[in-house]
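I have placed the structure first, in the form of structure tokens, so that the comments after it can refer back to it.
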Amino acid sequence: MSRVLIIGAGPAGICAAQALVAAGLSPVVVDSAARAGGQIYRRPPEGFTRPATTLYGSEAEKARRLHRDFDALVAQKKIAYLPSSTVMALGPGAAEVVGPEGRCTLKFDRLILASGATDRLAPVPGWELPGTYSLGAAQIALKAQGVALGRKIVLAGSGPLLTLLACQLRHAGAEVAAILDTAPMSGQIRHGLAMACARPWVTLRGLRMRLSLGQSYHAAVSLERIDGDSGGVRALHWRDGRGRAHVTACDMVAMGWHLRADTILADLAGASFEWSSDFAQWLPKRDAMLRAGQGIYLAGDGARPLGADGAELSGRLAALACLHDLELSQDDPAPLQRALARMEAFATAMSRAFPWPAEQVRGLPDRAVICRCEGITARALRALAREAGGDANRAKSLSRVGMGRCQGRYCQLAGAEILAATTGRSPAQTGRLRAQSPARPVTVGQWLRRDPRQDHLTVEPDEDRR
Amino acid sequence: MSGRLVRLAEKARPPLPFEFDGEALTGLEGDTVLTAILLSKGSLRQAEFGPERRAGFCLMGACQDCWIWQDDGARVQACATPLVSGMRLRSEPVGWPGDES
Ligand code: FES
């Protein structure tokens, strides 16, 4: 039986696993979370009691279905499941995985990568202060822990999560002082029409949520700086669309501009990349069946940030491609491809309605920290930009922007923007940071301990299933 | 001192005692180490490359901002590690990090 490894158990990974099992395969699923679901359908630990409708709102039924279906695959031993386990390195046909029991090497014939995304961040001076978080962090804290990350909260950035999170926090009883959107209203209206054409109900739902925010929502904002002291964040300084200065007192600022595909594993798997001007980031190349190479399939937001519904579709399509290549299915991929094209049209219009704040990043003051890992400033990066020939990898070696522990996940795009502005190029021309193993930091102790389960991980077909 | 975080829901879980920098604190079963500490404290650790303190950033294991230590020297990723009763956590390493034996 062909050994298929699925990395990630969010909507994409879960749907891929289901489709493979339905065709008689028994994939191995590795996921870094303790419980499957991914970020958007992240589950609280055992013993938490809020119902799915409280946690996931209008998406509660989808979340419940995915969780239930995945739990059933595990209970019926249709898949081998390694929770709390992270893929640190990928070579041809093998993955090095570190989990609670130590490290193991998983051999595979085919790989479905569904590694997900993180928030896409633009630096704001002062974002290194304690009390600054990503929008995703604030949502995870609320959903998976039942906590707010501050007493007086400002949400800033752009994209659907900004509005959704504001509603969720208020609903849960948190104080949200201001919602500051860097996207101008004119573009939101223009591209909002294209969003509505692709997915009318989703757009309407977003609009309704937005209207419920009332006076605390501001569009066309520019974020100037986060002020604080040894106790952390104290205020956010910003300008409204007419250029008037405002200061909002707060003890927490959460920021984010849509998603950034987490492509380190795709890179290690040998995918090639192209700059997407719509998504304003590097994305791996795939064919119409989501293949990125021989036996490598890329699904979910880690390949293209289309959101949870798109992730379900791409997970199913990746699995179908895998089954086609194994000659185990002749199902027509066209319906899935058409549905994905609609998600793509929606996501593209949305990225135009709520764009990456390129001007804000280019205009960052010299003292602004670009790399949060190592406290490297815009000044340091600008000073080296010419010496580096405007090349992102050379600038990384010289300045260490992109070399810290997050491996550039939170600074790469801002760094590229600043390099580009300083040397008169476009961010795409500065080049993409090459990924390195390990994909995440790992302790030497964890790396050295061999996982005793190693030899038992390939799933044997049940007797009753041939 | 009051902490950075506020509990909005899920308050009826069994309490778990732990220590942070030698101080006895209490979390709830199901808390992550990050949640448990920041409910009482304003930060997790000192930044290595700047004057400020740090309190995590992404909460999804991606930014690496939240690594702290245990008394035995082992490192802990606070946002991804469930609190265990009796944990002795530290904002600073003891001796050489990772030197357990
Ligand atoms: S807060 Fe980002 S890794 Fe823990």
Which listed residue (A:Cys406, A:Cys371, A:Ser426) has the Cα farthest towards the positive end of the charge dipole for segment A:357-435, taking +1 on Lys and Arg C-beta and -1 on Asp and Glu C-beta about the Cα centre?
-> A:Cys406
Which percent, nearest 5, of DSSP beta bridges in the protein assembly as shown are antiparallel?
-> 60
Give a residue-ordered list of calculated ³J(HN,Hα) values for segment B:24-29 (Karplus: 6.51 cos²θ - 1.76 cosθ + 1.60, θ = phi - 60°; whole Hz; x for Gly, Pro).
-> 7, 10, 10, x, 10, 4
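Counting other C-beta atoms within 10 Å, and keeping those with at most 15, which DSSP coil trypsin sites (Lys or Arg not before Pro) do you find in segment A:279-342? Display every interim value, and only then the final one.
Values: sites: A:Lys285, A:Arg286, A:Arg291, A:Arg316, A:Arg338, A:Arg342; in loops: A:Lys285, A:Arg286.
Those that pass, being in a loop and sparsely packed, are A:Lys285.
Using 32 Å as the Cα-Cα cut-off, could you pick out the over-long pairs in A:Lys78/B:Lys11; A:Lys152/B:Lys11; A:Lys62/B:Lys41; A:Lys152/A:Lys396? All intermediate terms of the calculation are to be shown ahead of the outcome.
On the way: A:Lys78/B:Lys11 36 Å; A:Lys152/B:Lys11 20 Å; A:Lys62/B:Lys41 37 Å; A:Lys152/A:Lys396 36 Å.
Beyond 32 Å between Cα atoms: A:Lys78/B:Lys11; A:Lys62/B:Lys41; A:Lys152/A:Lys396.
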In whole percent, what relative contact order does chain B give with Cα contacts below 8 Å and a gap of six or more residues?
-> 29
With θ set to phi - 60°, apply the Karplus curve 6.51 cos²θ - 1.76 cosθ + 1.60 along segment A:428-440 and write out the HN-Hα couplings as whole Hz, x wherever there is a Gly or Pro.
-> 4, 6, 6, x, 9, 5, 6, 7, 10, 7, x, 5, 9
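Considering Cα pairs under 8 angstrom that are at least six residues apart, work out the relative contact order of segment A:1-144 and quote it in whole percent. Working shown, then result.
On the way: 221 pairs, mean separation 43.5, N = 144.
This gives 30 percent for segment A:1-144.
Please sort by residue number the trypsin sites (Lys or Arg not before Pro) in segment A:1-99 whose DSSP state is loop and whose Cβ has at most 14 other Cβ atoms within 10 Å. Working shown, then result.
Numbers: sites: A:Arg3, A:Arg35, A:Arg42, A:Lys62, A:Arg64, A:Arg65, A:Arg68, A:Lys77, A:Lys78; in loops: A:Arg3, A:Arg35, A:Arg42, A:Lys77, A:Lys78.
When the trypsin sites (Lys or Arg not before Pro) of segment A:1-99 are filtered for loop state and at most 14 Cβ neighbours within 10 Å, A:Lys77 remain.
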Size of segment A:1-111 along its principal axes in angstrom, Cα-based, largest extent first?
-> 43, 31, 21
Using just the helices of the protein assembly as shown, give the 222 nm mean residue ellipticity in deg cm²/dmol: DSSP H runs with n ≥ 4 each add -39,500 (n - 2.57), and the total is spread over all residues, rounded to 500.
-> -8500 deg cm²/dmol
Percentage of Cα-Cα pair distances in the protein assembly as shown greater than 29 Å, rounded to whole percent?
-> 53
Work out how much length A:Trp201 to A:Lys285 would gain on full extension: take 0.36 nm times their residue separation and subtract the Cα-Cα distance, in nm to one decimal.
-> 27.2 nm
Calc'd 3J(HN,Hα), segment A:38-48, phi into Karplus 6.51 cos²θ - 1.76 cosθ + 1.60 (θ = phi - 60°), Hz, glycine/Pro = x, comes to x, 7, 5, 9, 4, 9, x, x, 3, x, 7
Amide proton proximity set for A:Glu175, modelled H, under 5 Å, gap of 5+ = A:Ile153
Would you please give the residues with an amide H less than 5 Å from that of B:Arg53, counting only those at least 5 places away or on a separate chain, with H modeled from the backbone geometry?
-> B:Ala47
Dipole of segment A:186-241 (Lys/Arg Cβ +1, Asp/Glu Cβ -1, origin at the Cα centre): which of A:Leu211, A:Ser222, A:Trp201 lies farthest to the positive side?
-> A:Trp201
Add +1 for every Lys or Arg and -1 for every Asp or Glu among the other residues with Cβ under 12 Å from the Cβ of A:Gly146, and state the total.
-> +3
Amide H neighbours of A:Asp451 under 5 Å, at least 5 residues apart or on other chains, H built in the peptide plane: list them.
-> A:Arg103, A:Cys104
Check: C-alpha center segment A:310-385 vs C-alpha center segment A:162-213, spacing in Å is 20
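Read-outs throughout are calculated quantities, based only on the coordinates presented, and are distinct from any laboratory measurement. The model shown is predicted, which means the values in this text are computed figures rather than measured ones. For neighbour counting, all protein chains shown are included, and Cβ atoms are generated from backbone atoms with ideal geometry for every residue, glycine included.
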